[in-house]
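The next block holds one structure in the form of structure tokens; read it before the comments.
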Amino acid sequence: MAHVEALPSRLMPAALNKGGDLTSPHCCGPSRAQRVSFMNNNQAAHERQTIVVSGLESDAEILVDRWGIPHIYAKSEHDVFFVQGFNVARDRLWQIDMWRKRGLGRLAVDLGPGYVERDRAARMLLYRGDMDAEWASYGGNARSRTAAFVAGINAYVDMVEREHDRLPLEFKLTDARPERWEPEDVVRCRSHALVRNLDFEVVRMNIVAKYGIEGDRLHRKLQPSWKVYIPEGLQPHIVPPEVMRTYLLGCDHNPLAAGHHSDALNNTGSNNWALMPSRTTTGRAILASDPHRLHDQPSLRYIAHLNAPGLNVIGAGEPAIPGVSLGHNERLAFSLTIHPTDQADLYVYELDPEDSDLYRYQGGWERMRVATEQISVRNGPPHSVELRFTRHGPVLHVDQENRRAYALRSIWWEPGTAAYMGSLAYLQAMNFQDYCKALTGWGAPSTNHVVADVDGHIGWAVAAKLPVRQGWDGLMPVPGDGRYEWNGTYQAATLIQRYDPSSGWLGSANQMNLPSDFDWQTYKTCFEWSDEARFTRLSEAIEERKRWSVEETLSLQADVLSITARRICKLLDQCDVPAPSAARMYLANWDHRLEVDSGPAALFEVWFTNHLLPAIPEALGPEGLASVLGVQDTALALDLLETADHVGFGPDGRKSRDQLLIATLERAWVEVQARLGGDSDIWRWGDLHKGYFRHPLSAMVSADVAKHLDIGPAPRGGSGLTINNNGYRGTDFRVMSGVTWRMVLDVGNWDACWTINSPGQSGDPESPHYRDLFDIWARDGSIPMLFSRDAIEAATELCICLSPSGD
């Protein structure tokens, strides 16, 4: 069952404090045995600070609760966003400063000439369009809110310059200083949340060039069913590696630790779901949100509560973005997961034999636009770089030898596609209909939004700008000669919605979820989805129980039953081979749960990741194909194994498949013995699979400083294919992605809501909230996400009173 940090009984809402009995199976609160008391019933004394700030209109305050969540109270909308910026700089200054510098291409100014190439790549991906249209996409007050937010950041930067002891450790370690922001910095930085599917296009082109179109059958599972074809006019060839190198350098969210995520399994994903009152024990809707991203320190997300006249909202967002993207206001709860819409294309150009800045377009030659920019470099002169653009977008690479150029066309160049900025428009939405209207400006990332309101209604809508590709599917690169143009965009929020389903629940886990009545052949959202294993398990679990409590929902977020393991072990059980080996017997009666203390879980995951997955393309494809495919598509791999008679395992397909299963399992058995010892009775998945938050600077500093910056390790259950998503890399099984923040909301009973943000709210290594949530997260626990003033005051440990300077 779920572990939660508990409120004192006097602050428990009625639904959580029925006669003081928290052991009733009908109570939505945690059982007494699972509660961890955090304070006495008397309100704890808290520290109080008073700060005078230039730019504030009236007095405001920040109540920081014992888990590091700031609750901001202001007397105007300007001030609440100003204080949000001030506060996030207080907790995450180095992180947001790096966010801005990385996005704008300004790393070399702090880190030296080795970062000039990254800066050039980042600048290629900036938004350079109409700023009036850009701001209008996010709602009428987006510009003023963002201006107030960055003014608050700048006010804190000013204070740091006056009070040097406030400068975070990372600036001292790198001998750098924070820079001041402009509102446009927030929206011009496009690449902090990726669009799709450039990488798949490049891999597919390379496969077709080397092995023909038939080789792509082992690449990705396409849904709805679709046959890949070579676009007319495209000459398949190996795409120069510089194309993806430039793109990935420009998108590298953690340039100080480049490459440390490169071998993680590609199953980051997210989960969210909502239950109508008919499916809950509380008589209210319950909403669960569980987004997954790469693990870094500081955490990708930051929880904040904003309270001002006309605005009262709490939840999580990316620290450098005003507002919150996942959370609730006084009437509506909202969450999101990625809907993998195809929002990018690679264009291939024929270049003029005499002038490589001319590319063929509509029977003639068109000249690239060339922009020259100066990149400031630490301890050196500025570096001049040239950026080239076609009508479709930035030129990622020019292949002089073959007279080709490659440019990225992306939804990023359309107004309204700065990551998560669209959430500003729905902060005050009161119901699903209001929310969907707000989503009409949402461009990126492409997302599934699941919401629930205090009246018990739930809804789902997809939000994204969809390129209109008439006559082509976006699965391969295309010639840039004018034959393959986007014919405008669609807005997904007007196309895909569901409201109050008869099943009493709805949700998403990045699976293929286009409704049966959706015209996908006209609106080609995408064909390449995440593995459906998490959603299959979610659906199965929800239908096993008629009604769900808050605690049971928390437990479901921590579920580690592997549908993938169940399917593969079923095939293993059916293998028609001689006497079972020790390895096969070891998995024979396993319950397919990837628990921390499970030995079979350790064997299965080592087998699946390091042996079975890479063996499938080696067995079914031509020599060398496996290395071109890269990260394996787990959904496709399972389908191939289960249809062995039809996919090329040979004349006796099932027998060949069974031999592959047994042979790879035996090799995995040997590997686990080498890793965990010869006694399989003491094998534990958690001894291999550990959560660890590595600071980007830890590789650059002494071991003692790195120990201060890094957090972990801690044993973790699950995998990238379980609801409790903890994706790992196969080299050492270190957890690299998955859940760090999540919440469960008893919609309307706002003080009975739960969250977690690992390893802590603060990015300051000197803060008590830098690592204080790590152990709770490692136990799959949660903390309260308080909303009422009384509950917040009782849990407050620090009150920061802000006053305007009067200048």
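The values are calculated or read from the model by the stated rules, or taken from the named source; none is laboratory data. Computed from a predicted model, the values in this text were never measured in an experiment. We place every Cβ from the backbone using ideal geometry, glycine too, and count neighbours over all the protein chains shown. Side chains included, ligands, DNA and RNA excluded: accessible areas come from the protein's heavy atoms. Shrake-Rupley method; radii C 1.70, N 1.55, O 1.52, S 1.80 Å.
Name every residue in region 409-438 that is more than 23 Å from residue 84 (Cα to Cα) and within 21 Å of the chain's Cα centre (by Cα), in order of residue number.
410, 411, 412
If I ask for residues that are open to solvent by 10 Å² or more (accessible area, probe 1.4 Å) and either within 15 Å of residue 393 (Cβ to Cβ) or part of a strand (DSSP E or B) (or both), which ones from region 454-466 would you list?
Scanning region 454-466 gives 460, 465.
Look at residue 52 and say whether it is open to solvent by 40 Å² or more (accessible area, probe 1.4 Å), at pLDDT 95 or above and not hydroxyl-bearing (Ser, Thr, Tyr).
Yes: the conditions hold for residue 52.
Is at least one residue of region 571-582 under 34 Å from the mean Cα position of the chain (by Cα) and of a type in the set (Asp, Glu)? First the steps, then the outcome.
First pass over region 571-582, keeping only residues under 34 Å from the mean Cα position of the chain (by Cα): 571-572.
Those still in the list that are of a type in the set (Asp, Glu) too: none.
Checked against the condition, which is being under 34 Å from the mean Cα position of the chain (by Cα) and of a type in the set (Asp, Glu), region 571-582 yields no hits at all.
Taking residue 770 and the conditions (1) touching a Pro at 6+ places or on another chain (Cβ under 8 Å); (2) open to solvent by less than 20 Å² (accessible area, probe 1.4 Å); (3) not in a loop (DSSP other than H, G, I, E, B), which numbered condition does it fall short on, given that it satisfies the others?
Evaluating residue 770 over (1) touching a Pro at 6+ places or on another chain (Cβ under 8 Å); (2) open to solvent by less than 20 Å² (accessible area, probe 1.4 Å); (3) not in a loop (DSSP other than H, G, I, E, B) leaves (3) as the failure.
What's the number of the condition residue 582 fails, among (1) in contact (Cβ under 8 Å) with a residue 12 or more places away in the chain; (2) within 24 Å of residue 219 (Cβ to Cβ); (3) small (Gly, Ala, Ser); (4) open to solvent by 50 Å² or more (accessible area, probe 1.4 Å)?
(2)
With respect to residue 515, determine if the residue is out of contact with any helix residue (DSSP H, G or I) (no Cβ under 6 Å at 6 or more places or on another chain), part of a strand (DSSP E or B) and in contact (Cβ under 8 Å) with a residue 12 or more places away in the chain.
no
Okay, residues lined up against (1) farther than 29 Å from residue 523 by Cβ; (2) open to solvent by 20 Å² or more (accessible area, probe 1.4 Å); (3) in contact (Cβ under 8 Å) with a residue 12 or more places away in the chain; (4) touching a strand residue (DSSP E or B) at 6+ places or on another chain (Cβ under 9 Å):
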site	(1), (2), (3), (4)
209	yes, yes, yes, no
218	no, no, yes, no
221	no, yes, yes, yes
226	no, yes, yes, no
231	no, no, yes, yes
235	yes, yes, no, yes
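When the residues of region 741-757 are narrowed to those that are part of a loop (DSSP other than H, G, I, E, B) and open to solvent by less than 10 Å² (accessible area, probe 1.4 Å), which ends up farthest from residue 457 (Cα to Cα)? Lay out the reasoning, then the answer.
Residues of region 741-757 that are part of a loop (DSSP other than H, G, I, E, B), as a first pass: 747-749, 753.
From the residues that got through so far, the ones that are open to solvent by less than 10 Å² (accessible area, probe 1.4 Å) too are 747, 753.
Details: 747: 10, 753: 18 Å.
Looking at the filtered set, the residue picked out is 753.
Per-residue answers, yes or no, for (1) among the hydroxyl-bearing types (Ser, Thr, Tyr); (2) in contact with a Leu (Cβ under 9 Å, 6 or more places away or on another chain); (3) free of Cβ contacts under 8 Å to residues at least 60 places away in the same chain:
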{"site": "709", "(1), (2), (3)": "no, yes, no"}
{"site": "714", "(1), (2), (3)": "no, no, no"}
{"site": "718", "(1), (2), (3)": "no, yes, no"}
{"site": "726", "(1), (2), (3)": "no, yes, yes"}
{"site": "730", "(1), (2), (3)": "no, yes, no"}
{"site": "747", "(1), (2), (3)": "no, yes, no"}
{"site": "750", "(1), (2), (3)": "no, yes, no"}
{"site": "753", "(1), (2), (3)": "no, yes, no"}
{"site": "767", "(1), (2), (3)": "yes, no, no"}
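Quickly run through region 596-619 and pick out the residues that are out of contact with any helix residue (DSSP H, G or I) (no Cβ under 6 Å at 6 or more places or on another chain) and assigned to a loop (DSSP other than H, G, I, E, B).
Within region 596-619, 597 is the sole residue that qualifies.
I'd like to check something: does region 789-799 contain any residue that is part of a loop (DSSP other than H, G, I, E, B) and open to solvent by less than 10 Å² (accessible area, probe 1.4 Å)? Lay out the reasoning, then the answer.
The initial filter retains those residues of region 789-799 that are part of a loop (DSSP other than H, G, I, E, B), namely none.
No, the conditions are met nowhere in region 789-799.
If you check residue 321 against the conditions, is it in contact with a strand residue (DSSP E or B) (Cβ under 8 Å, 6 or more places away or on another chain) and either in a loop (DSSP other than H, G, I, E, B) or open to solvent by less than 10 Å² (accessible area, probe 1.4 Å) (or both)?
No; evaluated as a whole, the condition is false for this residue.
Select, from 628, 672, the only residue that is touching a Gly at 6+ places or on another chain (Cβ under 9 Å) and either more than 15 Å from residue 601 (Cα to Cα) or open to solvent by 40 Å² or more (accessible area, probe 1.4 Å) (or both).
628
On the given criteria, is residue 678 free of Cβ contacts under 8 Å to residues at least 60 places away in the same chain and not charged (D, E, K, R)?
Against the criterion (free of Cβ contacts under 8 Å to residues at least 60 places away in the same chain and not charged (D, E, K, R)), residue 678 qualifies.
Answer yes if at least one residue in region 529-551 is at pLDDT 95 or above, under 27 Å from residue 345 (Cα atoms), open to solvent by less than 30 Å² (accessible area, probe 1.4 Å) and among the charged types (D, E, K, R), and no otherwise.
yes
Quick check: is even one residue across region 714-723 at pLDDT 95 or above, in a strand (DSSP E or B), crowded, with 24+ Cβ neighbours inside 10 Å and of a type outside the set (Lys, Arg)? Break it down stepwise before answering.
Here is the first cut: in region 714-723, the residues at pLDDT 95 or above are 714-723.
In the following step, the residues that additionally are in a strand (DSSP E or B) were identified as 714-715, 719.
Next, only the ones that are crowded, with 24+ Cβ neighbours inside 10 Å stay: 719.
Okay, now just the ones that are also of a type outside the set (Lys, Arg), so 719.
For region 714-723, residues at pLDDT 95 or above, in a strand (DSSP E or B), crowded, with 24+ Cβ neighbours inside 10 Å and of a type outside the set (Lys, Arg): present.
Among the residues of region 506-522, is there at least one that is hydroxyl-bearing (Ser, Thr, Tyr), open to solvent by 10 Å² or more (accessible area, probe 1.4 Å) and modelled with pLDDT of 95 or more?
For region 506-522, residues hydroxyl-bearing (Ser, Thr, Tyr), open to solvent by 10 Å² or more (accessible area, probe 1.4 Å) and modelled with pLDDT of 95 or more: absent.
Which of the residues belonging to region 539-586 are over 16 Å from residue 600 (Cβ atoms) and either among the basic types (Lys, Arg) or part of a loop (DSSP other than H, G, I, E, B) (or both)?
Matches in region 539-586: 545, 546, 547, 549, 558, 559, 574, 575, 576, 577, 578, 579.
Select from region 607-620 the residues that are open to solvent by 20 Å² or more (accessible area, probe 1.4 Å) and closer than 16 Å to residue 220 by Cα and list them in ascending order.
Answer for region 607-620, where residues must be open to solvent by 20 Å² or more (accessible area, probe 1.4 Å) and closer than 16 Å to residue 220 by Cα: 614, 618.
Would you confirm whether or not region 545-565 contains a residue that is basic (Lys, Arg) and under 27 Å from the mean Cα position of the chain (by Cα)?
no
Report, by residue number, each residue of region 653-667 that is modelled with pLDDT under 95, in contact with a helix residue (DSSP H, G or I) (Cβ under 9 Å, 6 or more places away or on another chain) and open to solvent by 60 Å² or more (accessible area, probe 1.4 Å).
Scanning region 653-667 gives 654, 655.
Which residues, taken from region 417-451, are surrounded by fewer than 21 Cβ atoms within 10 Å (Cβ to Cβ) and either acidic (Asp, Glu) or at positive phi (or both)?
434
The conditions are (1) outside any loop (DSSP other than H, G, I, E, B); (2) open to solvent by 10 Å² or more (accessible area, probe 1.4 Å), and residue 736 fails exactly one of them. Which is it?
Just one mismatch for residue 736, condition (2).
Residues that are closer than 25 Å to residue 128 by Cα and β-branched (Val, Ile, Thr): list the helices (runs of 4 or more DSSP H) wholly contained in region 163-221 that include at least 1 such residues.
Answer list for region 163-221: 183-188.
Filter region 681-691 down to residues that are of a type outside the set (A, V, I, L, M) and in contact (Cβ under 8 Å) with a residue 60 or more places away in the chain and give me whichever is farthest from residue 779 (Cα to Cα).
The extreme case among them is 681.
Hey, any hits in region 685-693 for a residue that's hydrophobic (A, V, I, L, M, F, W, C), under 17 Å from the mean Cα position of the chain (by Cα) and more than 27 Å from residue 541 (Cα to Cα)? So that I can check it myself, show each step before the final result.
Residues of region 685-693 hydrophobic (A, V, I, L, M, F, W, C): 685, 688, 693.
Add one more test, that the residue is under 17 Å from the mean Cα position of the chain (by Cα), and what stays is 693.
If we keep only those that are more than 27 Å from residue 541 (Cα to Cα) too, we end up with 693.
Within region 685-693, one or more residues are hydrophobic (A, V, I, L, M, F, W, C), under 17 Å from the mean Cα position of the chain (by Cα) and more than 27 Å from residue 541 (Cα to Cα).
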